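The block underneath contains the structure these notes are about, expressed in C-alpha cells.
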C-alpha cells in the first residue's frame, strides 16, 4: 500500500511540475552534512523553488547553503519543521549573509566571511503556539516558520545558515525560491525523492504519533 501511495504521489508531483497546477518545490535530501567546508550549493537561479530536507545532527550543528547571485534577485527562504512528537520545541533560526549587509543584530555561533554582514531570522519564542499546515506531496504536516523575503541587489556569493540556538537539533526543510521552473533533471529528482519522503526515509525521528 505504501509503495502504491508513493507511486501516486510521485505521479501527482510529475503532473504539477509539468502543468503547474499547484505550488511545488524540487526536493533534495541531505546525504552528508552541509558544513562550512562543503556547503550545499544552490544551482541555477535562487528564485527557482527547491526544498532541501536537512538535518541538524546535534545542537552544535550549523547547515550552510551557498547561493550565487549574479544579478539582482528576490531571495525567499525559510526552514520548516515537521510536526513530530520530538520536535514540539525545535525552533531553528536562519541567517542570510552577503556582501554589503550590516553586521547582524544577534551574536552568531559561527564566523561570517570577511566583509560580510547578515540578517538573522528568529523563530518564535519557545512555548508560543505554532501554526501548522499540510504538505500533500510529502504527505506530512509542518509548522509554519518565519521567512526571509527580500530583493537582493548586491551580486556575488551569499550564504544561508540554519542552526538551533536552543541546542536541540533535528529534521527541517530549507525552502529556497518561489518560481516553479523545472528542468528534466529536476523532474527526475522529484520522482526519485518524493516516494522516499512519503515513506519518512528523510526523517531521523518517528512522526507517526504526531498530533
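Quick note: the coordinates plus some simple rules give every number you see, no bench work behind them. Please read all numbers here as calculations on a predicted model, not as lab measurements. Neighbour counts run over all protein chains shown; Cβ positions are idealised from the backbone, glycine included.
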Check your understanding: Hey, rough spin-label estimate for residue 180 and residue 122, points 7 angstrom out along Cα→Cβ, what's it come to in nanometres?
Key -> 3.6 nm
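Which value, in nm² and rounded to one decimal, describes the direction-averaged projected area of the C-alpha convex hull of the range 147-203? Mind dumping the intermediate values first?
Numbers: hull surface 24.9 nm².
Mean projected area for the range 147-203: 6.2 nm², to one decimal.
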Review point. If one computes the Cα centroid of the range 58-127 and of the range 171-211, what distance in Å separates the two points?
Key: 20 Å
Review point. What is the Å³ per residue value for the convex hull set by the Cα atoms of the chain?
Key: 120 Å³
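Calculate the FRET efficiency for residue 132 and residue 32 from the Cβ-Cβ distance with a Förster distance of 41 Å, rounded to the nearest 0.05.
Numbers: r = 30 Å, r/R0 = 0.73.
Once the sixth-power term is evaluated, E becomes 0.85.
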Review point. Gain in length, residue 154 to residue 168, computed as 0.36 nm per residue apart minus the alpha-carbon separation, to one decimal in nm?
Key: 1.7 nm
Study note, to complete from the structure: At q = 0.13, 0.21 Å⁻¹, the log10 of I(q)/I(0) for the range 35-146 from a Debye sum over equal Cα scatterers comes to -0.59, -1.45
Exercise for review: Using only the alpha carbon atoms of the range 24-97, find the Kirkwood hydrodynamic radius as the inverse mean reciprocal pair distance, in angstroms to one decimal.
Suggested key: 13.8 Å
